[in-house]
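The structure appears right after this line, and notes come after that.
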Amino acid sequence: MGSPNFARVDLIAAIRAIGAAFIFSATLVIAPASAQTSGLPPTVHETPARPDRAAEELRQRQKAWRAALAQRKLPKKGCFAAKYPDADWQEIACGPASTHPNGPANRPALKPRPDAVGNGADFAAQTSGLIAKAEGSFPVVLGVGSESGDVLGKSPAVAGAWMLQLNTQFFSNPPPCKNASGCQGWVQFLYSQSQCTPTTSGQPGIESGTVPCVFIEYWMLNFGPTCPGAPWISDGQNDCFFNTASTIAPPQNVENLSDLVLTGSTGGGQDQVILSSGAQMFALANDSVLELSKSWKAVEFNVFGDCCLSQAVFNEGTTLLVNAAIDDGTRNAPSCEANAGTTGETNNLLLASPCTATGGESPKIAFWESLGGPPAVTGPFVNTYAEHDQQHFVYLSANGDIWDAFYCPQCGGPGWRLQLINDGGVAPDAPPAASLPFVNVFFGHDQQHFAYLATNENGRNGEIWDAFYCPRCSGNPWRLQTINGPGGVTNGPPAVAGPFIDTYAEHDQQHFVYLAANGEIWDAFYCPGCSGNPWRLQQINDGGVTGREATGRPNAPPAASLPFVNVYSGHDQQHFAYLATNADGRNGEIWDAIARAAAAANGRRSRSTARTA
């Protein structure tokens with residue numbers, strides 16, 4: 001903007017407030033009414049209650065114990081269990097094999113359920129190497145109060161009918177296929193709540209005659225109408241499958257999904273599966289009948305309906321963070337493969353894309369799935385991303401998390417998508433928010449910006465952070481920048497409120513305006529057409545660009561609140577209007593600082609001032 005031309009306008013000496021009721025109805029429900037009437041102030045950051053130290057120390061010891069024991073290869077084919085603090089696996093009697101199929105995705109004849117996670121609509125972690133081990137977990141579980149599903153594919157639905165699946169990709173012509181044309185192998189590492197039968201009386205299950213269990217399911221897809229013989233079973237779709245013996249386990253509470261870890265591994269001619277649950281572990285080892293170690297390149301992990309193309313139905317408000325970690329002998333990040341799920345079972349949650357991939361000691365992918373999103377504490381902010389025909393409903397949930405529920409009719413499926421913006425979301429390094437973000441589309445640049453005041457933690461002090469989506473940028477389309485302060489794009493002072501973002505299209509500028517201490521209004525703006533550094537900073541009022549030196553008139557007074565910024569289209573004016581402090585005889589005055597453009601030869605805007613009462 002160079003040296004902008006500002007005018008101050010005292011618009012109103014006194015304003016009468018007129019209340020208005022606005023009624024909004026829609027099928028999208030983001031937060032329950034209780035969240036909207038919680039009495040929380042507009043600026044929110046809840047700190048989780050600190051867990052009891054002894055309980056937390058025990059939890060960490062058990063976590064380390066589970067990780068160490070999971071590294072040990074099971075000594076032989078069979079069933080095993082361990083209880084904290086056992087130093088090694090204990091062999092136990094195996095249960096009989098389940099005869100039920102957990103069939104592959106996209107089988108129209110089997111009537112899969114659309115518009116939900118599963119049946120192909122899922123993320124998978126893929127590597128260019130070979131996977132030796134994979135681990136699935138739910139590090140964050142929010143709002144889970146209930147779940148139900150069919151038992152063995154039969155209604156009515158029963159509470160607690162769900163399963164965990166860790167699935168490989170389909171791979172070509174393993175040895176048992178015997179070169180059958182189009183034959184593919186597929187391996188599933190499974191924990192089921194109901195697919196196995198009791199071995200003794202009194203074993204607990206979610207329904208009479210069923211018990212939970214851990215086992216492996218092997219498939220030869222497109223083998224043909226006749227299977228090789230026992231233990232192979234035909235699914236009636238030219239596929240053959242069989243289940244291993246089972247390790248019986250106690251029923252698991254769906255509210256405790258964050259305590260569960262499902263691990264699958266292959267090597268040395270043996271496949272093994274492990275379920276870790278708090279202070280207990282249950283495992284099974286079997287001969288690697290499909291020689292998986294030669295072909296495993298991708299893994300899908302999730303919670304699904306328990307068998308037979310059924311669906312796990314969660315309560316509204318459920319939100320899960322899904323992790324799928326791999327060991328392929330490298331520290332390289334796997335790729336996130338969309339629509340790469342392989343199982344036909346589903347749940348009723350919606351994927352919160354995009355998926356993020358990280359490397360290091362435990363390479364993994366992570367993504368969110370949700371039904372309605374977690375409860376809101378403030379919001380929403382609604383923004384239309386016209387370039388992509390999307391409407392975004394953005395809100396703040398507990399712990400400073402920013403959620404974006406958006407409607408995308410071009411995205412396929414039901415059209416609704418959900419994504420976490422900060423704090424481990426699509427911009428994982430973006431810190432927790434202290435207030436609702438301001439969402440703005442930078443027209444002409446195809447960018448959508450989610451800017452907010454961060455919490456004052458870890459050395460931060462009044463920092464404005466901006467997570468923005470830039471599909472034209474190379475690499476990851478999600479970018480992150482700090483607007484003010486040390487390390488920011490400008491050295492503006494700490495913010496106490498804001499920001500308000502405004503696009504000044506006539507000058508191809510994007511303005512991030514915020515309130516600093518003592519009522520000062522600061523404007524950090526991006527001006528790609530300006531010479532030198534495209535980022536500029538200006539103080540608007542109280543001795544800034546509207547001060548006596550700049551205009552020859554009295555200062556624009558300190559602000560009592562964040563300004564509203566608006567471009568008067570067709571007149572090439574940008575207005576910064578705000579409520580002034582009640583000092584020096586002022587009483588409820590609205591002031592307006594106006595930037596006017598002029599055809600100056602140097603491209604800078606000339607100055608003129610006006611005042612109306």
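The values are calculated or read from the model by the stated rules, or taken from the named source; none is laboratory data. These numbers come from a predicted model, not from an experiment. Note: ideal-geometry Cβ built from the backbone for every residue, glycine included; neighbour counts use all protein chains shown. In case anyone asks, the SASA skips ligands and DNA or RNA and just uses the protein heavy atoms, side chains included. Shrake-Rupley method; radii C 1.70, N 1.55, O 1.52, S 1.80 Å.
Ranking Ser181, Ser258, Ser295 from most to least accessible surface, computed with a 1.4 Å probe over the protein chains only, gives Ser181, Ser258, Ser295. Pairs of Cα atoms in the stretch 243-318 fall into 10 Å distance bins, from 0 up to the last occupied one, in shares of 14, 40, 35, 10, 1 percent. Calculate what fraction, in whole %, of the accessible area of the stretch 69-162 sits on carbon and sulfur atoms when a 1.4 Å probe is rolled over the protein chains. Ligands and nucleic acids excluded, carbon and sulfur reach 53 percent.
Taking Cβ atoms as reference points and 15 Å as the exclusive limit, the residues near Leu260 contribute a net charge of -2, counting Lys and Arg as +1 and Asp and Glu as -1. For the chain, the dipole from Cβ point charges (+1 on Lys and Arg, -1 on Asp and Glu) about the Cα centre works out to 620 debye, to the nearest 20.
Counting Cα-Cα pairs of the chain in 10 Å increments starting at 0 gives whole-percent bin shares of 3, 15, 22, 21, 14, 11, 8, 5, 1, 0. Does the stretch 460-529 come out rounded, prolate or oblate, given a ≥ b ≥ c as the square roots of the eigenvalues of its C-alpha gyration tensor, rounded meaning a/c under 1.5 and, failing that, prolate meaning a/b above b/c? The shape class here is oblate.
Note on surface exposure: His507, His575 rank His507, His575 by accessible area, highest first, 1.4 Å probe. In this structure Ile233 has an accessible area near 60 Å², from a 1.4 Å probe over the protein heavy atoms.
Computed over protein heavy atoms with a 1.4 angstrom probe, the accessible surface ordering of Leu142, Leu292, largest first, is Leu142, Leu292.
Taken over the stretch 381-596, the alpha-carbon convex hull comes to 147 cubic angstrom per residue. Just so you know, the Cα atoms of the stretch 153-196 work out to an Rg and Dmax of 15.3, 43 Å.
Probing with 1.4 Å while keeping every protein chain in the model, the per residue accessible area of the chain equals 43 Å². Below 8 Å between Cα atoms, with a sequence gap of 6+, how large is the relative contact order for the stretch 179-337 in percent? For the stretch 179-337, the relative contact order is 17 percent. For the stretch 202-345, the share of accessible area belonging to carbon and sulfur comes to 45 percent (1.4 Å probe, ligands and nucleic acids excluded).
By definition, a body whose alpha carbon gyration tensor gives a ≥ b ≥ c is rounded when a/c is under 1.5, and the stretch 352-493 falls into this rounded group. Pairwise inverse Cα distances across the stretch 76-370, averaged and inverted, put the Kirkwood hydrodynamic radius at 18.9 Å.
The accessible area of Val377, taken with all protein chains in place and a 1.4 Å probe, comes to roughly 30 Å². Only Cα pairs under 8 Å and 6+ residues apart enter the sum, and on that basis the relative contact order of the chain stands at 17 percent. Helical runs assigned H by DSSP (4 residues or longer) give the chain a calculated mean residue ellipticity at 222 nm of -1000 deg cm²/dmol, each run adding -39500 (n - 2.57) before division by the residue total. Express in nm, to one decimal, how much length is gained between Thr99 and Lys154 on full extension, taking 0.36 nm for each residue of separation and deducting their alpha carbon distance. Here the segment from Thr99 to Lys154 would lengthen by 18.3 nm. Mean separation of Cα pairs under 8 Å and 6 or more residues apart, divided by the residue count, gives the stretch 76-370 a relative contact order of 31 percent.
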